[in-house]
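S.K.: Can you keep this structure in mind? I'll have questions shortly.
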Amino acid sequence: MSRSRKNIQPNWRPNFVKTSELPDIKVVRTDFIINFVVIVLMLTLGFYVLQHEYRFYVLDKTIAVMEQRIQIAEPEDTMSLKLSREFTDAAEHIAEVEKFYAAPFQVQDLLIQLTQLRPEQLIFKQISVVESLAKEEAAQVVSYRINVTGEVISLTVLDEFKGALAALDLFNYAGYTLDIDETLQGRDAESGIFPYTLQITLKPVKPAPAA
């Protein structure tokens, strides 16, 4: 009998084993791995969502604290801005005062000495000091003009006052030349008073050319 014919023959007894009732003898259970992966994914997603929610919460809290600080600091900021504006205005006034003190003479000394020199027959109505900037050759020079307007009874009195001004030490400043001009208006017929204007100019002396 050949070998192939022997294999075709049925078993000598029937197989009564029920495979469905046999125990599971797999080395690794695939259901357990799938469940573990799903749980890990859910935990990761939950942690990611909680992290974002916590960040939003912290951000909202920070914004609220900053807004509260801004509201608290707003009156102080307003006061600081007001003080800053006042300081700027004061600095501008100080700069103007420094211009007067930068002149060859001091304004308060000028007013005192003009008052002391004034004759009784001469009246001051207005005194002003003007600073002007001029360009001579390649340099810029500063000149000062003092305008005195008023009224005088006699032209002789005005001439004497001009002579006293020319001899005043206040105007004899080194490096400057003194020039005094007068402008007269017509004599008033009723009072006999002459309105006048004196222009006292101090100009820097032109430097001598180099040898």
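S.K.: Which of (1) among the aliphatic types (A, V, I, L, M); (2) in contact with a Phe, Trp or Tyr (Cβ under 7 Å, 6 or more places away or on another chain); (3) exposed (fewer than 12 other Cβ atoms within 10 Å of the Cβ); (4) modelled with pLDDT of 85 or more is the odd one out, the single condition V205 does not satisfy?
M.R.: (4)
S.K.: So, of the residues in segment 111-138 that are farther than 17 Å from L198 by Cβ and part of a loop (DSSP other than H, G, I, E, B), which turns out to be modelled with the highest pLDDT?
M.R.: Of everything passing the filter in segment 111-138, E120 is modelled with the highest pLDDT.
S.K.: On to the next question. Among the residues of segment 176-211, count how many are free of Cβ contacts under 8 Å to residues at least 40 places away in the same chain, outside any strand (DSSP E or B) and in contact with a strand residue (DSSP E or B) (Cβ under 6 Å, 6 or more places away or on another chain).
M.R.: Total satisfying the criteria: 3.
S.K.: Condition first: among the aromatic types (F, W, Y) and either surrounded by fewer than 16 Cβ atoms within 10 Å (Cβ to Cβ) or not assigned by TED's automatic domain parsing to the domain that holds D188 (or both). Now tell me which residues in segment 143-160 satisfy that.
M.R.: Result: no residue meets the conditions.
S.K.: Name the pairs whose Cβ atoms lie under 9 Å apart, with the first residue in segment 150-174 and closer than 16 Å to L111 by Cβ, the second of a type in the set (F, W, Y), and 6 or more positions between them or separate chains?
M.R.: G150/F124; G150/Y196; L165/F171; L170/F105; F171/F105
The values are calculated or read from the model by the stated rules, or taken from the named source; none is laboratory data. All of these numbers come straight from a predicted model, not from anything done at the bench. Reconstructed Cβ throughout: ideal geometry from the backbone, glycine too, with neighbour counts over all protein chains shown.
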